[in-house]
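Just so it is clear, none of the values below were taken in a lab; they were calculated from the coordinates. Every value quoted in this text rests on a predicted model; they were computed, and no experiment measured them. Please note: Cβ atoms are built from the backbone with ideal geometry, for glycine as well, and neighbour counts cover all protein chains shown.
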Amino acid sequence: MTKAEIITEISTKTGIDKLQVQESVESFFKVVRNNMIEGKNVYFRGFGSFILKKRAKKIARNISKNTAMVIDEHYIPAFKPAKSFTEKIKKSDAVKANATKREREAKLALKED
């Protein structure tokens with residue numbers, strides 16, 4: 001589902017104008033983004049948390065130049081779903097049906113190649 005589809009669905013369900021919904025959604029993402037840039041985690045009870053994960057310093061290889069390079073420790077944004085959200089996904093029949101459908105389509109695509 002894309003952001004545009006989410007905006008359309010919210011607009012349809014609430015009766016609020018699409019432009020207003022779009023502004024709200026954009027503002028939501030801006031608030032989450034700005035708080036994470038400031039080093040804060042963002043928590044939504046029953047949904048999950050947008051957290052900062054620390055990546056350790058490591059040595060990587062630039063394969064085109066065949067040289068080693070050092071990547072300093074840094075933080076990356078990550079999403080950690082809430083336990084209740086994860087349980088609902090595990091029990092969802094729709095998720096299982098879609099996964100089975102995608103697996104079948106992938107097998108057919110491999111046979112065609």
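Scan the chain and hand back the longest stretch that contains none of the GluC sites (Glu not before Pro) lying in DSSP loops with at most 14 other Cβ atoms within 10 Å.
Numbers: sites that count: E38, E73.
In the chain, the maximal stretch lacking such sites is 74-113.
Taking a spot 7 Å from the Cα of R45 along the direction of its beta carbon, which residues of the range 72-92 have an amide N less than 15 Å from it?
82-85
Order of 74-80, 60-66 by packing, highest average Cβ count within 10 Å first?
Details: 74-80: 11.7, 60-66: 8.1.
Peptide ranking by packing, descending: 74-80, 60-66.
Taking a ≥ b ≥ c as the square roots of the Cα gyration tensor eigenvalues, with a/c under 1.5 meaning rounded and otherwise prolate when a/b beats b/c, else oblate, which class fits the range 1-40? Display every interim value, and only then the final one.
Values: a/c = 3.67, a/b = 2.42, b/c = 1.51.
It comes out prolate by the Cα gyration axes.
May I ask you to derive the relative contact order of the chain, considering only C-alpha pairs under 8 Å and at least 6 residues apart, and to give it as an integer percent? All intermediate terms of the calculation are to be shown ahead of the outcome.
Numbers: 99 pairs, mean separation 18.7, N = 113.
17 percent.
Along the charge dipole of the range 1-40, which of G15, V25, I37 sits closest to the positive end, that is, farthest toward it, with unit charges on the beta carbon of Lys, Arg, Asp and Glu (+1, +1, -1, -1)?
So the residue furthest toward the plus end is I37.
Over the Cα atoms of the chain, what Rg and Dmax result, in angstrom?
According to the Cα coordinates of the chain, Rg and Dmax are 20.4, 58 Å.
Can you spot the lysines whose alpha carbon is less than 25 Å from K80's alpha carbon? Ignore those fewer than 8 places along the same chain.
Partners within reach: K3, K30, K40, K53, K54, K57, K58, K88, K90, K91, K96.
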